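S.K.: Quick one: the structure is below, questions incoming.
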Amino acid sequence: MNTNSNTYTIIYSVVIVIVVAFLLAFVSTALKEKQEANVLLDKKKQILNSLNLRDLDDDVAEAKYKEVVKDDGELDGNQIFTCVVDGKTKYVIPMKGMGLWGSIYGYLAIDDDKNTVFGVYFNHDSETAGLGAEIKDSREWQEKFRGKKIFKGESADVALSVKKKVDDAATQVDAVTGATLTSDGVSLMFKEGLKPYIKFLTDK
């Protein structure tokens, strides 16, 4: 076959595309189980982060998760994790919301009084580094939520929020500097994400 002909070029290109597509499909299939395991492990680590159990190696995290998470069932169709840390019951609730550029999500760990924040962990898809991304990157900011109250007084309305100007230190945390819209997204995530759990949280 004439290697300088158009026919040769087309046939060669088609063969290369088919071979590469086959290899990619094979690799994707071969790695699928490992990828799924890594995604599950990352989820477990995020839950542990919300329980203030951080910086754990993979094997340690797996063992710790089995130790502290006693139930990962559902409450009226919504997932809730019942955990025990240092002999005390904690409830971990997953949440999702929107930041400035995309999805934000995380876990809220609550003491057994169902009103006091034990810990939080936030993540994001595309927030700006050094600004909105601080909801994930700044452990110091996440730790500000510890001890905050979800509800104010006897009200069943979610008071836990992020504010540019804090006027209720019991329920509010300072917004991330320069990331007002992302901070507002966290507040809305609390408000909307906790709605399905209000009856459980207010039933003492």
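S.K.: Between residues in segment 90-117 that are over 17 Å from S161 (Cα atoms) and residues that are of a type in the set (K, R) and open to solvent by 50 Å² or more (accessible area, probe 1.4 Å), which pairs lie under 9 Å by C-beta distance while being six or more apart or on different chains?
M.R.: S103/K96; D111/K88; D112/K88; D113/K204
S.K.: Identify, from the list K114, K64, the residue that is farther than 22 Å from T202 by Cα and surrounded by 11 or more Cβ atoms within 10 Å (Cβ to Cβ).
M.R.: Going through K114, K64 in turn, the sole match is K64.
S.K.: Sticking with this one: Within segment 145-163, how many residues turn out to be part of a loop (DSSP other than H, G, I, E, B), more than 22 Å from F81 (Cα to Cα) and basic (K, R)?
M.R.: Within segment 145-163, residues that are part of a loop (DSSP other than H, G, I, E, B), more than 22 Å from F81 (Cα to Cα) and basic (K, R) number 1.
S.K.: S161 passes all but one of (1) modelled with pLDDT under 95; (2) open to solvent by less than 30 Å² (accessible area, probe 1.4 Å); which number fails?
M.R.: S161 satisfies all of (1) modelled with pLDDT under 95; (2) open to solvent by less than 30 Å² (accessible area, probe 1.4 Å) except (1).
S.K.: Follow-up. Conditions first: (1) part of a loop (DSSP other than H, G, I, E, B); (2) surrounded by 14 or more Cβ atoms within 10 Å (Cβ to Cβ); (3) among the hydrophobic types (A, V, I, L, M, F, W, C); (4) without any contact (Cβ under 8 Å) to a residue 40 or more places away in the chain. A129 passes all but one, so which condition is the exception?
M.R.: Evaluating A129 over (1) part of a loop (DSSP other than H, G, I, E, B); (2) surrounded by 14 or more Cβ atoms within 10 Å (Cβ to Cβ); (3) among the hydrophobic types (A, V, I, L, M, F, W, C); (4) without any contact (Cβ under 8 Å) to a residue 40 or more places away in the chain leaves (2) as the failure.
S.K.: Go over the candidates D59, D55 one by one and state the one that is part of a loop (DSSP other than H, G, I, E, B), under 29 Å from E143 (Cβ atoms) and open to solvent by 60 Å² or more (accessible area, probe 1.4 Å).
M.R.: D55
S.K.: State yes or no: is V176 assigned to a loop (DSSP other than H, G, I, E, B) and surrounded by 15 or more Cβ atoms within 10 Å (Cβ to Cβ)? Don't jump to the end; show me each part of the working.
M.R.: Numbers: assigned to a loop (DSSP other than H, G, I, E, B): yes; surrounded by 15 or more Cβ atoms within 10 Å (Cβ to Cβ): yes.
Yes: the conditions hold for V176.
S.K.: Got at least one residue in segment 65-78 being in a strand (DSSP E or B), at negative phi and out of contact with any Phe, Trp or Tyr (no Cβ under 9 Å at 6 or more places or on another chain)?
M.R.: yes
S.K.: When segment 144-182 is examined, which residues are found to be without any contact (Cβ under 8 Å) to a residue 24 or more places away in the chain and under 19 Å from the mean Cα position of the chain (by Cα)?
M.R.: A175
The values are calculated or read from the model by the stated rules, or taken from the named source; none is laboratory data. Not measured: the values here are computed from a predicted model. In this analysis, Cβ positions are derived from the backbone assuming ideal geometry, glycine residues included, and neighbour counts consider all displayed protein chains. In case anyone asks, the SASA skips ligands and DNA or RNA and just uses the protein heavy atoms, side chains included. Shrake-Rupley method; radii C 1.70, N 1.55, O 1.52, S 1.80 Å.
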